[in-house]
1. Using modelled backbone amide H atoms (1.01 Å from N, in-plane), which distant-in-sequence or interchain residues come within less than 5 Å of GLU66's amide H?
2. Just how many pairs of Lys in the chain have C-alpha atoms closer than 26 Å, counting pairs that are eight or more places apart or on different chains?
3. Between TRP284 and VAL215, what FRET efficiency comes out of the Förster formula 1/(1 + (r/R0)^6) with R0 = 56 Å and r the beta carbon distance, rounded to 0.05?
4. Please work out how much length the chain gains when fully extended from ASP94 to LEU29, using 0.36 nm per residue of separation minus the C-alpha to C-alpha distance, in nm with one decimal.
5. In terms of modelled amide H atoms, which long-range or inter-chain residues lie less than 5 Å from the amide H of HIS511?
6. Taking amide H atoms as placed 1.01 Å from N in the peptide plane, list the residues 5 or more away in sequence, or in a different chain, whose amide H sits under 5 Å from that of GLU565.
7. Can you compute the modelled spin-label distance between LEU634 and SER726, with each label point 7 Å from Cα toward Cβ, in nm?
8. What order do you get for HIS195, HIS403 when you list them from fewest to most C-beta neighbours inside 10 Å?
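What follows is calculated from the coordinates using simple rules that are stated; it is not laboratory data. The structure displayed is predicted, hence computed values, not measured ones. No Cβ is skipped: glycine too gets one built from the backbone with ideal geometry, and neighbour counts run over all protein chains shown.
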Amino acid sequence: MAQERALFEQRSRRRAIGPGLVAALPQILPLIILAATVAFVVGRMPIDGRGDYGQWLMTSRYYLGEGVPDYRTITALPPLIPFLLAGLRLVVPDPAVALQIFNVALLLALVASIYLVGSTVFADRLAGVFAVALAFVVTDRFLELFAFGGLLQAGALVFTLLSVAAFVQAGRDFTGSGRWWTLGSLSLALAALSHVGTGLLAVPVCAAVAGISAVRVLRNTPRQPLFKRRSFVRGASRALVVPLAVLTYWILILLPASVEYVTNPASLNYRGADRLLKGLESYWPTMVVIGIGVGFLVLGLVWELGRRRLGPYALLVVWTAAAWGALVVSMLGGASTDYPRFATPLMAPLVVAGAGGLLSLSHWLVGYLRAHRPSAPRIDWRLGVLAFVCLLAPLGFQRYANHVKFYQPLDAPGLTTVGAFLGQELSGGESVVTPVREGKWIEGVTGHAAVFSQPVRYTFRPLERQRSLVAETIVKSTFALAGHDFFLKYAYGSSGGQEMVPRGLVVGANHRGEFLDLLQVPASEVRVFGAGGPDDLWATLINALPVGRGQGLTSTEATVSTAWEGNELHGPLALTETTVLRGSSGGFELIEQVTASQPFGGIELQLKPLRLAAALNITSDGQAADLYFPVTGLEQPHLRVEVVGGNGFIALEADGRLMVRSTTDRVHLRVTALTAGEGTSPLQILDPAQLIDAYDVAAVLLVQWDPAFMAREQRMEALGYRLGLSAGAYALMVRD
């Protein structure tokens, strides 16, 4: 045992420390080239308005003493990364420049941490270089963090890897010094203060690695009772001080503030563990890295077990089991968190294992060549294996560019102009309605609140979901109703010089916790026909004149009723459209009622699918129809449309629309969402004019390239806004 320990210490010193900088240069130079290349690829991409970057810019304002939106709870986020970004902004005042510098610096820190953990686990610098190549050149999972702005997770991953490297080194320090234990514990604490989810994974990972190292130390120290091994006990006790302090902070502050993070009603259906696996499968080089890592893990573990030693592969197996085991516990517990974002902590041990395997393969290659070609020049052929791995660099960097393109705003220069304008024009308490990515950037640059819409799957607090409904209502509708199963918006309306009377219903249905716009009832397709039948058109809702609007809200239902009148060839008529939304079940009902001075032939309306749909199982008497839409999340959205009280029948038109016709003066429909998930909204009536006052909306940002831009611009003008700024793709409507 003593001889083995001496040989291991000698090998560790030779490979981990090295004879000097000159001798290490052939192995360090590839790392420098890789790091510089990756930093160039990431740093050259524009960062303004991209992904979540604006959100962290906004959070850093809090630590600079600058204004932040009132609805934001900054203390609910781990403070370390925003605090460090705030410190950089003291030196670099320009927010975009500071963010880009911080982004590249964090990238280089991640490169360094992967290099350190790889070279420490295998006691060889080249293993660290192989790990960097696999992480940043082959797989796309690590670079994607910097495509969408996962700064908090990247920071937590840096400190997790540093903690693992420190604990591994502590297992080799048989003198019992506590410096490595202290560094590992401090790094683990910093990981916990960087990102909640990654910090939760870091705890079992680092604890498992520390346990392996503790066993190594105890096996290689003189045989005496544990409490008498003073140096070990002293070092371990010092190392526990910081984690205990951080644990107290987590229990008292972070966990209570983050409890809503795992209660998202839509996450498991749209961002569940299946999406994590699909994300890993979507890029074949990532699967190659996983395959290489798992293969060498198994081979290495078998080899070490046969020799009864706790080597690097035993440590990596424990690391992998801890990381993936934490994922399994989350899945079994039904935590509704954002699983795809945990790809990097799960892949980290496999990347290191793959690096060790490539190192062993390169050693074998060197030995083979020297045995068969002893006269060949003394070249480090291991670098040839590294060069072969790096052949995937163009493919990996293009993959990163595609990720960046997906997360970029429509027009970064135009958004910069908008941000500067709003920073000067908005006063305290005023807000702006924007698209989601633009809204995060505007909040980061100006500190003013943005009201933006984003899918439920990306929100983690009821307040965020409510603001999303508000943004949808203001920009996309003239009036709206929201409840458990449906979010009903009226896309158009007419005022007739008085209040806005809405029409043109758009049906958003709850599909496993997410509101999806599935149906539309065009006002032009609500028609009254004369005694001559369907070909004898009397009037349509779009040609009728508004009379008024009524509404009501109770604990069980929300109702809006609109009245219209017409004076067509057949004489005057009155049309009333009533929508009743139920609170918890029963869906919603749509009632069209006609009153005319002369006999008429009936009334009809059409339901137009907004997505490709198939109407199946229309009953033989035409009283009900089932609509299935393309798979979204884990299954097909499913709606049922029924005629209530025999007032009409349903037929399928050639273009996929459902036609509902009645020969009486009334059509009464009930629509039910059969794939509704957990509730996303309390029962409420949403009036854009009232919401604008409630949220003090001073400006609305529209996209001029949007096909619906003209309709939205007209709605904003009807609410008292005018064009205040046109900047590239954006039109900023400001309130008079």
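1. The answer is none.
2. Numbers: LYS278/LYS405; LYS405/LYS440; LYS405/LYS476; LYS440/LYS476; LYS440/LYS489; LYS476/LYS489; LYS476/LYS608; LYS489/LYS608.
Lysine pairs meeting both conditions in the chain amount to 8.
3. On the way: r = 38 Å, r/R0 = 0.68.
That pair, VAL215 with TRP284, gives E of 0.90.
4. Working: separation 65, 0.36 × 65 = 23.40 nm, distance 3.33 nm.
Working it through step by step, the gained length comes to 20.1 nm.
5. LEU516, GLY677
6. LEU545, VAL547, LEU575
7. 4.9 nm
8. Values: HIS195 27, HIS403 19.
Exposure proxy ranking, most exposed first: HIS403, HIS195.
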